[in-house]
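Peer 1: Starting off with a structure, shown below.
Here, each number is a calculation from the coordinates, and none is a lab measurement. Since this is a predicted model, take the numbers as computed values, not measurements. Cβ placement follows ideal geometry from the backbone for every residue including glycine, while neighbour counts extend to all protein chains displayed.
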Amino acid sequence: MTEELRTVPFECRRCWHVWEEQYLVRRIDDRHGNETEVWLRDGLPALPPGPGVICPSCGCQQSTRFPDGYLSRHPELVPPAEPAGPDATPLLSPVQPPVHRHLT
């Protein structure tokens, strides 16, 4: 029996959230020479990752899987651990305020 820890990257097709999930893959040989893979997530048996994984951000089931190692080569896709703080720059409207004329 061999075990391999795999990190699988996903992207939601609805809200474009990018995340990773970790799986433990056990390869077991039976007495007849057949090899079986058992996927575990949080210590419990799980289906192998594929389309339809639920997005942790919006709950949508329209997700896609990136190739293994994709996010390590594209760190710009990984959201920061903490959201960025609000920008202190005041917003200025490009639209001029209306001129009110009073009729006398």
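Peer 1: Let me have the relative contact order for the chain, percent, based on Cα pairs under 8 Å that are six or more residues apart. The partial results should precede the final answer.
Peer 2: Values: 146 pairs, mean separation 25.2, N = 104.
Result for the chain is 24 percent.
Peer 1: A follow-up question, please. Once phi is turned into θ = phi - 60°, what whole-Hz ³J(HN,Hα) does the Karplus curve with 6.51, -1.76 and 1.60 give for every residue of segment 41-54, x standing for Gly and Pro?
Peer 2: 10, 6, x, 10, x, 9, 6, x, x, x, x, x, 5, 6
Peer 1: Expressed in nm to one decimal, what extension gain is obtained for the pair D68 and W16 from 0.36 nm per residue of sequence separation less their Cα-Cα distance?
Peer 2: 16.9 nm
Peer 1: Okay, next question. Mind telling me which of R65, R41, R31 comes out most flexible in a GNM of the chain, alpha-carbon contacts under 10 Å?
Peer 2: Residue with maximal mean-square fluctuation among R65, R41, R31: R31.
Peer 1: Using the basic label-point model (7 angstrom from Cα toward the beta carbon), what is the D29 to S93 distance in nanometres?
Peer 2: 7.4
Peer 1: Determine the gain in length on full extension of the stretch D42-E82; use 0.36 nm per residue of separation and subtract their C-alpha separation, reporting nm with one decimal.
Peer 2: 12.0 nm
Peer 1: Just add up the charged neighbours of T64: K/R +1, D/E -1, any other residue whose Cβ is under 12 Å from the Cβ of T64.
Peer 2: Local charge sum for T64: +2.
Peer 1: I would also like to ask the following. Just to confirm a number: summing +1 for Lys and Arg and -1 for Asp and Glu over residues other than R27 whose beta-carbon lies under 10 angstrom from that of R27, what do you get?
Peer 2: In short, -4.
Peer 1: By per-residue mean of other Cβ atoms within 10 Å, what is the highest-first order of 19-27, 81-89, 1-9?
Peer 2: Details: 19-27: 14.3, 81-89: 6.0, 1-9: 12.6.
The densest-packed peptide leads the list: 19-27, 1-9, 81-89.
Peer 1: Next question, about the same structure. By its C-alpha gyration tensor, with a ≥ b ≥ c as the square roots of the eigenvalues, how is the chain shaped: rounded for a/c under 1.5, else prolate for a/b larger than b/c, else oblate?
Peer 2: Taking the square roots of the gyration eigenvalues as a ≥ b ≥ c, the chain is prolate.
Peer 1: Identify, among N34, L5, T64, the residue whose Cα sits farthest towards the positive end of the charge dipole of segment 2-75, taking +1 on the Cβ of Lys and Arg and -1 on the Cβ of Asp and Glu, with the dipole about the Cα centre.
Peer 2: Positive-end residue among those listed: T64.
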